[in-house]
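The values are calculated or read from the model by the stated rules, or taken from the named source; none is laboratory data. Keep in mind that this is a model prediction, so the values were computed, not measured. Cβ placement follows ideal geometry from the backbone for every residue including glycine, while neighbour counts extend to all protein chains displayed. To get the accessible areas, we keep the full protein, side chains included, count just its heavy atoms, and leave off ligands, DNA and RNA. Shrake-Rupley method; radii C 1.70, N 1.55, O 1.52, S 1.80 Å.
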Amino acid sequence: MTNEPMTAAVLQIERPHHNLMTYYVVACLAFPPAFPFLILPAWFRYHTMRYRFSAEGVSMSWGILFRREIIINYARIQDIHLRSNFVERWLGLARILVQTASGNSDAEMSIEGLREFEAVRDFLYSRMRGVKDHENDHASATSASPDEVASVLREIAAEVRALRESLSNDKTPDPHV
């Protein structure tokens, strides 16, 4: 898959894959007595979960009563991890954990229920690196070369010497003191 089709495919992702609901059911079945209480929040989470990949960043939202939305700019992304347990691998799913420099050891965002997890990881990584590389290119384009810096420093030193000499010439001893 080339870069352009991969980017277009990632930008079109808005919802998790339907296998995520299967994963939620299997996870809730691990505790049979609590199944009726666990499946309801999982069902609402699955049906309200939305993703949005834009030119500036990625956002994720979910929830009915307590709506939650996370928006992360690509420039803030520090690290990206893929994680999947046995059931998720069996269903062809993985979670993408996005970490920022927020000081928290946990991931800021966990994008779950994707089958195209490697393409999304590569997309996020390229956007994250692209922002940082662009900043580095801008900084190097605006910075002066070592020869230019040395030349400016020589001019400053010459002016300081000239000021010092003019001040020392003006300091003639006052006979009245």
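Points to keep in mind about this one:
- A search for C-beta distances below 7 Å between a residue of the stretch 98-112 that is under 21 Å from residue 122 (Cβ atoms) and any residue that is polar (S, T, N, Q) and open to solvent by less than 80 Å² (accessible area, probe 1.4 Å), counting only pairs 6+ apart in sequence or on different chains, returns 107/99; 108/99; 108/100; 108/102.
- Failed condition for residue 93, given (1) open to solvent by 80 Å² or more (accessible area, probe 1.4 Å); (2) closer than 14 Å to residue 20 by Cα: (1)
- Exactly one residue among 123, 35 is free of Cβ contacts under 8 Å to residues at least 60 places away in the same chain, assigned to a helix (DSSP H, G or I) and either under 22 Å from residue 7 (Cα atoms) or of a type outside the set (S, T, N, Q) (or both), and that residue is 35.
- In the condition set (1) of a type outside the set (A, V, I, L, M); (2) open to solvent by 70 Å² or more (accessible area, probe 1.4 Å); (3) over 29 Å from residue 126 (Cβ atoms), residue 22 is compliant with all but (2).
- For the stretch 67-90, the candidate set comprises residues that are in contact with a Gly (Cβ under 7 Å, 6 or more places away or on another chain) and in a strand (DSSP E or B); within that set, the residue that is least open to solvent (accessible area, probe 1.4 Å) is 72.
- Candidates 99, 78 - the one that is over 21 Å from residue 3 (Cα atoms) and in contact with an Asp or Glu (Cβ under 7 Å, 6 or more places away or on another chain): 99
- Those residues of the stretch 46-66 which are open to solvent by 100 Å² or more (accessible area, probe 1.4 Å) and either touching a strand residue (DSSP E or B) at 6+ places or on another chain (Cβ under 7 Å) or in a strand (DSSP E or B) (or both), in sequence order: 52, 56
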